[in-house]
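Novice: Right, I'll just put the structure down here and ask away after.
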Amino acid sequence: MKVPLSWLKEYVAVEATAEAIAERLTFSGVEVESIDAVGGTYDRLVAAEIIEVAAHPKADRLKLCKVHNGQGLLGVVCGAPNVVPGMKVVLAGEGAVLPNGMTITATRIRGEPSLGMLCAADEIGLSKDHTGLYELPAATLPGTPLVDILGSPDTVLDLEITWNRPDCLSLIGMAREVAALYGLPLRRPVVEYPETGPDVSTLTDVALEDALACPRYTARVVQGVRSGASPVWMQRRLERAGVRAISLVVDVTNYVMLECGHPLHAFDYHRLGGNRIVVRRARPGERIRTLDGVDRVLDPEVLVIADAERAVAVAGIMGGEGSEIGDSTGTVLLEAATFDPVRTHASVVRLGLSTESGYRYERRVDAAGVDWASRRAISLLVSEGGGTAARGVIDRYPAPVDKRRLWCRFDKVNQLLGFDVPPERVRSILESLEFSISAVRPDALEVTVPTFRNDVEETADLIEEISRVHGLDAVPTVVPVAVRVEGADDPATRARERVRQIMVGMGFSEIMHYSFLSAGELDRFDRDDAPGRVVLPNPVSADFDVLRHHLVPQITGTLGRNYTRQVRAARFFEMGRIFRKDPLSGGLSEADRIGIGIMGPASGSGLQGKRAVTSEAMMLQLKGAVVALCEASGLSRVDLAPVSIPWFETGWGFEVKADGNPLGTLGLIRGTIRKIWKITEPVGVAELDLDPLLAVVGTTRRIQPVPAYPAVERDVALVVDESVLHGDIVQTIWKQAPKELIRVDLFDIFRSEGVGHGRKSMAYSLVYRSTERTLTDEEANGFHEAIKQGLRTGLKAEIREG
Amino acid sequence: MTLNEIIEARDRAFQEAEAATDAAALEAVRVRYLGRKGQLPQIMACLRELPPEQRGEAGRLANEFKQGLVERLDNRKPQDTTAAAASGFDYTLPGTGCKPGTVHPVSRVIADVIRIFGRLGFTVADGPDIETRYHNFEALNTPAHHPSLDAKDTFWLDGGGLLRTQTSPVQIRVMERQSPPVRIITPGRCYRRDTTDATHSANFHQVEGLYVDRRVSLADLKGTLACFMREMMGPSVAVRFRPHFFPFTEPSVECDFSCHLCGGSGCRVCKHSGWIEIAGAGMVDPRVFRKVGYDPEVFSGYAFGMGVERIAMIQYGIEDIRMLYENDVRFLEQFR
């Protein structure tokens, strides 16, 4: 909200600087977003009348104007499209300095003399408007200094008023705050006017059909109001508060709203069917064209102000075109009412209509303040518009608000704030905010809350008032006392931290993605999983319209984007939440996952960096990382099983199992997906459920004693068909192993013509150890021979000797 | 070859060894005297031809020559720092195989926050990202017509759920199942329908804290936040409160800390104010306590919340929040 200081000072005689006031307000809960200087001394800027307009001989867009500046005629060249004889405009004379720093000199423009400049609104700092000359009221006398028309320089505070403080959405409301902060009295304008017209009840009537939606409705009538513009002082205040001046009647309603926070609406009395008001719900399908020129279809959820026949306004939000104040209006019906915040908000959202009035009603307008606002507006229509006020008011107010009473206990104040506020200070602060003290006890005050402070409902709210006016600087900084809390060890947090450390230690960098992405991105990976996705009904953009149900697409995309930025090798992991919809029940669920993505060689230096990575090498890197993560976490027996997954290359997708339980998947991303980023090398991606890892990681395991006797190592090389898997060989070895066999390590795979087409040589190192004694060579050889024999018979393997 | 000749050769060799200034010269001396075709092997070969009574003395001299020269050459060597050191190993080559990954800045900040509050006895609590209207708004004293409930601010889901707009619902869930005292922090992901720009993201992280006990005061809150900010931003940092409004706290404050870069004198980072806004906080509203069945006459408590990305941006000097979700290797690798 914009508060011109000169206007504010009409209600509170504060003498501090704008900066000092802004500081006090900021530290009492009203944030000052900016302090803007407006207006100026306008040296050598005067009103002038255009006498004559002629074409410029050398430029189509320029005109030669003869203007009268109160002393004589002078020639000025002007390019504005709206210049016409008789118009009253602003003339910047020779030597004038405009707010933008431009100095005016006598000059020639395309050969024609110009003894000054005619100004647009932006050139005199009134607005950003540069569409044409700024037009002064027709009655302005040429030669009047501009400062006498626009007023002296002023400062405008732009305030952010929090949602709970609608009482601050007005000049008087802010003046009340300033008065409380500076210990000054608040001065309200005195409202007095003669009621010389007929009794209002002979002119109109109000039927209030929904008192829940409209707790109070008043109507006053004023006759014979002149048409035309509002006085310049009023226009100036409105403009400085950010409201455009329109006409006397509209300006008066806006002026009073800015002054006291109470929205008003002026109807053209003669255009109201039956000259009366009905406050009711809209009829199904009822139409109204609102003042913004939009035709709107209403429904019974919307409260309207109607005349005898049709809706003439959306209650509390915007008037309709049929009943608005026109140029010829002589009789005004003035509405001052309150509307229910919840219903107003619903209508604002439903109709997509935000207005100053709706903004205030959504936050609650004080029903007790209705009458003052109404009378204030009538008094202005009488004094500034020459109107005749009808006698009395029609006031529909079936359930007047009660004033709330609260006990404010001093010990409670001091306890919650952590420092002592003297009781007399408590009292003076509350009274300065127009709370009244209705009873006093040694330990407490009974406080009557003013009706405009509906946000104050309990003692805690009073304590906030006391603390913010007293100043939070007084709050001491109490050194916290650390306490021991049972279970504060946070095993879940530590488990996550441990998994993160394992991944980082293996050279993987943590990445983080949004929880949402586009359906298109997901479709690239799997077109058929749409029923399980959680779609956002109101996404910020089409790029983020689905919650992710797996991590693979974003990890792949990040690898791809880095690839297009010339990064060839990267190892990433993400620990993130995924979201799923049960396609049958529609129920939503979420789970935590860890995703891993690799491209390029594994080396930490550039020495192997240029070598292309084979699919097999990539799969082994990826499997190595997944197995190491599982084992370091404490999951044993990690196996892969081939599985068909849409985003993996055929034959390169696998399910990961730990102790036989499915844990996730890993594989190489399909070439058709990789080509989006023109990646020609394999990309490995794995995704695992995080919870099984977190359940075991960091748990304390029992430790075995280290072996007491030396081990004996024996190698075996065997030639088998390509179809025989490493896993088959290892299984065969273990199947017949003596208890002394403790390890089997693959150390070579060899293919050559000598080995034979379709065959491979696999070399293993087997380690034997006894827990009871040192093994002899003979014993070890015996075990080894038996295993070789088993391989020959079990796998038809040819054992290579020597 | 006479004994004198051996002595002369020895003295000459020792002089040359002393005079050599670089590795090449030393190597030349070595080759000239100790090499396969050098002088010493020649002397050794000549020994046999000497008369028997001189052989012993000559042998001793020759050995002295050899040992003395080797010693002198070796003594000169350690000062040699060029690549052609004895082993020939180019120790300036890059090492291999060890390139640890990096932890994401958001995770780093969360870990720091957990560590600092952990030492004060705060336990981590977590909750779902998909929340109920009750836990995210109603129980937190946010009326149905508060603008934060609007579809333009909150991601509502089919079926009436929503993506939590704050981690405060976790506080409600904890208070629903636990009696005071409660001391928790709740790091987690939140969602608001903000249009993404340099400082806004529709998806961000918060850490909130909650402490409920008998006689907890605003001064305790200030002390705790001051303690945290000093741990996080440096020992000279101070905090101040500004009154504000949140539906779930009363009184409500915004917390600033004195700029860690300029010490409060004003710089670009603190927009020349000397202070940086860091947290929203306040005393838990009695209406919230009643919702979870705590008696506000008996218990009081404070709550605070801060944006993790914001802290990361301040700490690391990151100017655009989108960098945190871009996952550009050139950005991430700076977090070693």
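The values are calculated or read from the model by the stated rules, or taken from the named source; none is laboratory data. All values derive from a computational prediction rather than experimental measurement. FYI the Cβ positions are ideal-geometry reconstructions off the backbone, even for glycines, and counts take in every protein chain you see. Just so you know, the surface numbers come from the protein's heavy atoms only, side chains and all, with ligands and any DNA or RNA stripped out. Shrake-Rupley method; radii C 1.70, N 1.55, O 1.52, S 1.80 Å.
Novice: Search segment B:57-98 for residues being of a type in the set (Asp, Glu) and under 48 Å from the mean Cα position of the chain (by Cα), and hand back the single one that is modelled with the lowest pLDDT.
Specialist: Filtering first and then ranking leaves B:Asp80.
Novice: Follow-up. Here is a list of conditions, (1) under 23 Å from B:Arg115 (Cβ atoms); (2) within 23 Å of the chain's Cα centre (by Cα), and B:Val239 meets all of them except one; can you say which number that is?
Specialist: Condition (2) is where B:Val239 drops out.
One line per residue, one yes/no per condition, for (1) in contact with a Ser or Thr (Cβ under 6 Å, 6 or more places away or on another chain); (2) loosely packed, with under 13 Cβ neighbours inside 10 Å; (3) at pLDDT 95 or above; (4) more than 14 Å from chain B (Cβ to nearest Cβ):
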| position | (1), (2), (3), (4) |
| --- | --- |
| A:Val3 | no, no, yes, yes |
| A:Ser6 | no, no, no, yes |
| A:Leu25 | no, no, yes, no |
| A:Glu33 | no, no, no, no |
| A:Thr41 | no, yes, no, yes |
| A:Glu49 | no, no, no, yes |
| A:Leu74 | no, no, no, yes |
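Novice: Let me ask another. Of all residues in segment A:447-482 being within 7 Å of chain B (Cβ to nearest Cβ) and farther than 20 Å from A:Thr26 by Cα, which is surrounded by the fewest Cβ atoms within 10 Å (Cβ to Cβ)?
Specialist: A:Val479
Novice: Have a look at B:Phe228, B:Phe204 and point out the one that is in contact (Cβ under 8 Å) with a residue 40 or more places away in the chain, open to solvent by 10 Å² or more (accessible area, probe 1.4 Å) and either at positive phi or within 10 Å of chain A (Cβ to nearest Cβ) (or both).
Specialist: Only one candidate qualifies: B:Phe204.
Novice: Any idea how many residues of segment A:583-606 are open to solvent by 20 Å² or more (accessible area, probe 1.4 Å) and either assigned to a strand (DSSP E or B) or touching a residue at least 40 places away in the same chain (Cβ under 8 Å) (or both)?
Specialist: 9
Novice: Among the candidates B:Gly305, B:Gly317, single out the residue that is under 28 Å from the mean Cα position of the chain (by Cα), surrounded by fewer than 20 Cβ atoms within 10 Å (Cβ to Cβ) and small (Gly, Ala, Ser).
Specialist: The conditions single out B:Gly317.
Novice: If you don't mind, there's one more thing I want to ask. Looking at segment B:1-53, what helices (runs of 4 or more DSSP H) fall wholly within it and have at least 3 residues that are surrounded by fewer than 14 Cβ atoms within 10 Å (Cβ to Cβ) and not charged (D, E, K, R)? Don't jump to the end; show me each part of the working.
Specialist: Details: elements: B:3-19, B:23-34, B:39-47.
Helices (runs of 4 or more DSSP H) meeting the threshold: B:3-19.
Novice: From the list A:Leu629, A:Leu620, exactly one residue is within 14 Å of chain B (Cβ to nearest Cβ), more than 24 Å from B:Glu326 (Cβ to Cβ) and hydrophobic (A, V, I, L, M, F, W, C). Which is it?
Specialist: Numbers: A:Leu620 fails: within 14 Å of chain B (Cβ to nearest Cβ).
A:Leu629 is the lone residue from the list that is within 14 Å of chain B (Cβ to nearest Cβ), more than 24 Å from B:Glu326 (Cβ to Cβ) and hydrophobic (A, V, I, L, M, F, W, C).
Novice: Which residue is nearest to the chain's Cα centre (by Cα), if the candidates are limited to segment B:158-201 and must be open to solvent by 10 Å² or more (accessible area, probe 1.4 Å) and under 19 Å from B:Asp295 (Cβ atoms)?
Specialist: B:Arg183
Novice: Which of the following residues is more than 8 Å from chain B (Cβ to nearest Cβ) and either within 25 Å of A:Gly624 (Cβ to Cβ) or open to solvent by 40 Å² or more (accessible area, probe 1.4 Å) (or both): A:Arg561, A:Arg533, A:Arg571, A:Arg494?
Specialist: When all the criteria are applied, what remains is A:Arg494.
Novice: Let me ask another. Step by step: first the residues of segment B:138-156, then only those that are open to solvent by 10 Å² or more (accessible area, probe 1.4 Å) and among the hydrophobic types (A, V, I, L, M, F, W, C), then the one that is nearest to A:Ser589 (Cα to Cα). Which residue is that?
Specialist: Checked segment B:138-156; the qualifying residue nearest to A:Ser589 (Cα to Cα) is B:Trp156.
Novice: Of all residues being of a type in the set (A, V, I, L, M) and within 22 Å of A:Ser247 (Cβ to Cβ) in segment A:338-382, which is most open to solvent (accessible area, probe 1.4 Å)? Just the residue, please. Let's see the steps before the verdict.
Specialist: At the first step, the residues of segment A:338-382 found to be of a type in the set (A, V, I, L, M) are A:342, A:346, A:348-349, A:351, A:353, A:365, A:367-368, A:370, A:373, A:377-378, A:380-382.
Still in the running and within 22 Å of A:Ser247 (Cβ to Cβ): A:353, A:373, A:377-378, A:380-382.
Values: A:Leu353: 9, A:Ala373: 0, A:Ala377: 1, A:Ile378: 2, A:Leu380: 11, A:Leu381: 2, A:Val382: 27 Å².
Restricting to residues being of a type in the set (A, V, I, L, M) and within 22 Å of A:Ser247 (Cβ to Cβ), the top hit is A:Val382.
Novice: Just a yes or no: is a residue in segment A:426-446 open to solvent by less than 50 Å² (accessible area, probe 1.4 Å), farther than 24 Å from B:Arg242 by Cα and of a type in the set (Val, Ile, Thr)?
Specialist: Yes, because at least one residue in segment A:426-446 is open to solvent by less than 50 Å² (accessible area, probe 1.4 Å), farther than 24 Å from B:Arg242 by Cα and of a type in the set (Val, Ile, Thr).
Novice: Any chance you could count how many residues in segment B:153-180 are at negative phi and facing chain A (nearest Cβ under 8 Å)?
Specialist: Residues that pass the stated criteria total 6.
Novice: How about segment A:529-553: which of its residues are under 22 Å from the mean Cα position of the chain (by Cα) and part of a helix (DSSP H, G or I)?
Specialist: A:Ala542, A:Asp543, A:Phe544
Novice: Tell me which of these B:Asp295 doesn't satisfy, since it passes every other one: (1) open to solvent by 10 Å² or more (accessible area, probe 1.4 Å); (2) of a type in the set (D, E, K, R); (3) touching a residue at least 24 places away in the same chain (Cβ under 8 Å).
Specialist: Condition (3) is where B:Asp295 drops out.
Novice: Limited to segment A:715-744, what total is found for residues that are open to solvent by 50 Å² or more (accessible area, probe 1.4 Å) and of a type outside the set (Gly, Ala, Ser)?
Specialist: Keep residues of segment A:715-744 that are open to solvent by 50 Å² or more (accessible area, probe 1.4 Å), which gives A:715, A:721-723, A:725-726, A:728, A:731, A:734-736, A:739, A:742-743.
Checking which are of a type outside the set (Gly, Ala, Ser) leaves us with A:715, A:721-722, A:725-726, A:728, A:731, A:734-736, A:739, A:742-743.
Within segment A:715-744, residues that are open to solvent by 50 Å² or more (accessible area, probe 1.4 Å) and of a type outside the set (Gly, Ala, Ser) number 13.
Novice: Another one. Here are some residues: A:Val626, A:Val656, A:Val683. Which one is of a type outside the set (D, E, K, R), under 17 Å from A:Met506 (Cα atoms) and surrounded by 14 or more Cβ atoms within 10 Å (Cβ to Cβ)?
Specialist: Criteria check complete, one pass: A:Val626.
Novice: Also, I was wondering about something else. With a cut-off of at least 3 residues that are over 37 Å from the mean Cα position of the chain (by Cα), within 30 Å of A:Pro189 (Cβ to Cβ) and acidic (Asp, Glu), name the strands (runs of 3 or more DSSP E) lying wholly within segment A:11-87.
Specialist: Output list is empty.
Novice: OK, next. Residue check: is A:Gly385 more than 14 Å from every other protein chain (Cβ to nearest Cβ), in contact with a strand residue (DSSP E or B) (Cβ under 9 Å, 6 or more places away or on another chain) and open to solvent by less than 10 Å² (accessible area, probe 1.4 Å)?
Specialist: Answer is yes for this residue.
Novice: Can you name the helices (runs of 4 or more DSSP H) wholly within segment A:689-802 that have at least 2 residues being without any contact (Cβ under 8 Å) to a residue 12 or more places away in the chain? Before you say what the answer is, go through the steps one by one.
Specialist: Details: elements: A:691-696, A:726-735, A:777-795.
Of the helices (runs of 4 or more DSSP H) lying wholly inside segment A:689-802, those with at least 2 residues that are without any contact (Cβ under 8 Å) to a residue 12 or more places away in the chain span A:726-735, A:777-795.
Novice: Here is a check on your reading of the model: is B:Asp256 under 30 Å from B:Thr142 (Cα atoms) and in contact with a Lys or Arg (Cβ under 8 Å, 6 or more places away or on another chain)? Can you show your working first?
Specialist: Numbers: under 30 Å from B:Thr142 (Cα atoms): yes; in contact with a Lys or Arg (Cβ under 8 Å, 6 or more places away or on another chain): yes.
Considered against the rule, which asks whether it is under 30 Å from B:Thr142 (Cα atoms) and in contact with a Lys or Arg (Cβ under 8 Å, 6 or more places away or on another chain), B:Asp256 comes out as yes.
Novice: A further question follows. Do the conditions hold for B:Thr186, that is, is it within 13 Å of chain A (Cβ to nearest Cβ), of a type in the set (Val, Ile, Thr) and part of a loop (DSSP other than H, G, I, E, B)? Don't jump to the end; show me each part of the working.
Specialist: Working: within 13 Å of chain A (Cβ to nearest Cβ): yes; of a type in the set (Val, Ile, Thr): yes; part of a loop (DSSP other than H, G, I, E, B): no.
So B:Thr186 fails the test.
Novice: For the condition polar (S, T, N, Q), in contact with an Asp or Glu (Cβ under 9 Å, 6 or more places away or on another chain) and over 30 Å from B:Pro247 (Cα atoms), what is the one hit in A:Thr196, A:Thr204, A:Thr140?
Specialist: Every option except A:Thr140 fails the conditions.
Novice: So, one more: Just to check your reading of the model, which residue among B:Cys267, B:Cys259 is surrounded by 18 or more Cβ atoms within 10 Å (Cβ to Cβ) and either out of contact with any strand residue (DSSP E or B) (no Cβ under 9 Å at 6 or more places or on another chain) or farther than 30 Å from A:Met575 by Cα (or both)?
Specialist: B:Cys259
Novice: Moving on to the next point. Read through the list (1) farther than 17 Å from A:Thr459 by Cα; (2) more than 10 Å from every other protein chain (Cβ to nearest Cβ); (3) modelled with pLDDT of 95 or more, then give the number of the only condition that B:Glu254 fails.
Specialist: (2)
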